[in-house]
Amino acid sequence: MQRGKGMKFVGDSRIPAERKPNIPKDYSEYPHKTEAFWPNFLLKEWMVGAVFLIGYLCLTVAHPAPLERVADPTDTGYIPLPDWYFLFLYQLLKYEYAAGSYTVIGAVVIPGIAFGALLLAPFLDRGTERRPIKRPIASGLMLLGVISIIFLTWESVDEHDWEAAAQQGAIVDDVQIDESALGYEIYLTQDSCIACHGGDMLGGAAGPPIIPSDYDKDEVMDIIINGIEGTAMPGGEFEGTDEELETLAEFIANDGQAPNGNGDDEGDEE
């Protein structure tokens, strides 16, 4: 018997005899209807993403993020401001129906409904059209969301007191306050001063930093008694004796240091 006699070899149809390159299908018969995901559609997405990324990087170089002074947890007068992409939520919490006892509505309910509607948009509108005018539900929800975010962000920026915020967050270099001085102890007893200028004298919600000072002792006393006309600095709110007022004014005029440098203001008189 000869080898192979009576045997037949059958080819497997699942294995192609020739390897063909991975060529996208021809969609020329269906213009503007569909296209191959790779590389046509994905390449367009990458190009658009690259343009936005380069633009964002240029913006960060032209307008770097501002730095403020070190956070002070004891400064209750400081008003923090969220980043720009949260300003619309920050503005929403200012309205009467979304603040106070209704904070849950502004912080949870309204944003939840808004973002939930955007998530449900593909299920509410299952049309195959690609033109926005042919998809009123999805287009309407998207336009409503975009317009709301732009309006609330604009209102937040327009209503914010940027000058006061700059004073609150101003970086004061190499400021050393002698906390053992009698003048500083007197300052801590003045609630009206702390409410505006902070417990560290570096500025608060409504007042600028008072250390370092550009005034001498007599000018500081006059400001404490009479205030500054045309500004939010009031006068006549000092609670203490004339001697304490003079000690405090001398402490402020001396940039937060005791006159004799050892923390005892009475030592200068001796």
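The values are calculated or read from the model by the stated rules, or taken from the named source; none is laboratory data. The structure displayed is predicted, hence computed values, not measured ones. Heads up, the Cβs are rebuilt from the backbone with ideal geometry, glycines too, and the neighbour counts pull from every protein chain shown.
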task: Scan region 230-253 for residues that are assigned to a loop (DSSP other than H, G, I, E, B) and among the β-branched types (Val, Ile, Thr) and jot them down.
output: THR231, THR241
field: Options LEU87, LEU81; residue that is touching a helix residue (DSSP H, G or I) at 6+ places or on another chain (Cβ under 7 Å), in a loop (DSSP other than H, G, I, E, B) and surrounded by 14 or more Cβ atoms within 10 Å (Cβ to Cβ)
entry: LEU81
message: Which count do you get for residues in region 33-70 that are of a type in the set (S, T, N, Q) and within 25 Å of GLU129 (Cβ to Cβ)?
response: 2
- prompt: Checking THR153 against (1) within 29 Å of ASP200 (Cβ to Cβ); (2) surrounded by 15 or more Cβ atoms within 10 Å (Cβ to Cβ); (3) polar (S, T, N, Q), which test does it fail?
  reply: (1)
- prompt: How many residues does region 78-100 hold that are over 18 Å from the mean Cα position of the chain (by Cα) and modelled with pLDDT under 85?
  reply: 2
message: Name the single residue that is modelled with the highest pLDDT among those in region 230-270 being among the β-branched types (Val, Ile, Thr) and under 18 Å from ASP214 (Cα atoms).
response: THR247
task: Please state which of the following conditions TYR102 fails to meet, knowing it meets all the rest: (1) touching a residue at least 40 places away in the same chain (Cβ under 8 Å); (2) over 26 Å from ALA170 (Cβ atoms); (3) among the hydroxyl-bearing types (Ser, Thr, Tyr).
output: (1)
message: If a residue counts only when it is modelled with pLDDT under 75 and under 23 Å from the mean Cα position of the chain (by Cα), which helices (runs of 4 or more DSSP H) contained entirely in region 159-229 have at least 2 such residues?
response: 162-168
- line: Scanning region 113-136 residue by residue, those touching a helix residue (DSSP H, G or I) at 6+ places or on another chain (Cβ under 9 Å) and closer than 26 Å to ALA98 by Cβ turn out to be ALA114, PHE115, ALA117, LEU118, LEU120, ALA121, LEU124
